[in-house]
Amino acid sequence: MQLELLIRDEQALKREIERRCGMPIEVVVTDNSSSLMSYRPGRRGAPAKLRIHRMFLGAEPPVMDALGRWLSGKRDGESPRIIDGFIERHRHLIRDREARPVRVETLGTYFDLNALFDEMNAKWFEGRIA
């Protein structure tokens, strides 16, 4: 069995996708952790737009064929399964989602919850609650 590594750059990926789907398309390679592919059809002469995870830079020909069929609207039952299988096999390339800082607003219309907390903490807990 021969191991074949298919690592493309963004332009090579764009050419491959355009060849397989038969239309001009703007391709942006992302490192998103949740939205791995998003597609917007072309409008009024503008090319279609595809945002796609960087894992697809190494996609095998059958995956590229399935992607081309899916983008061109020739959606058979097989193409989504091929694409989903590829994503599942390459899930380790998806970076972990970073936790977003939470901003807590304590000042409301009628009460300042932080002031109430400070008051209760001092009165009942001698300031021990952090």
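The values are calculated or read from the model by the stated rules, or taken from the named source; none is laboratory data. Fair warning: this is a prediction, and the values are worked out from it, not measured in the lab. Backbone-built Cβ (ideal geometry, glycine too); neighbour counts: all protein chains shown.
The figures follow:
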read-out	value
Evaluation of VAL29 against (1) under 18 Å from the mean Cα position of the chain (by Cα); (2) part of a helix (DSSP H, G or I); (3) surrounded by 12 or more Cβ atoms within 10 Å (Cβ to Cβ) (one fails), failing number	(2)
Cβ pairs under 6 Å, 6+ apart, first in segment 55-69 and within 11 Å of LEU13 (Cα to Cα), second of a type in the set (D, E, K, R)	LEU57/ARG8; MET64/GLU16; MET64/ARG20
Single residue of segment 87-130 satisfying the filter (of a type in the set (A, V, I, L, M, F, W, C) and under 17 Å from SER33 (Cβ atoms)) that is farthest from the chain's Cα centre (by Cα)	ALA99
Residue check for ARG95: touching a residue at least 40 places away in the same chain (Cβ under 8 Å), touching a helix residue (DSSP H, G or I) at 6+ places or on another chain (Cβ under 7 Å) and among the basic types (Lys, Arg)	no
Condition check for ARG75: exposed (fewer than 15 other Cβ atoms within 10 Å of the Cβ) and basic (Lys, Arg)	yes
Qualifying residue in segment 40-56 (condition: over 22 Å from the mean Cα position of the chain (by Cα) and either hydrophobic (A, V, I, L, M, F, W, C) or surrounded by 11 or more Cβ atoms within 10 Å (Cβ to Cβ) (or both))	yes
In segment 26-53, the residues that are at pLDDT 95 or above and closer than 14 Å to SER72 by Cβ	LEU50
From TRP70, TRP124, residue being out of contact with any His (no Cβ under 8 Å at 6 or more places or on another chain), modelled with pLDDT of 90 or more and more than 30 Å from GLU18 (Cβ to Cβ)	TRP124
Residue within segment 85-104 that is touching a Lys or Arg at 6+ places or on another chain (Cβ under 8 Å) and within 23 Å of ASP31 (Cα to Cα) present	yes
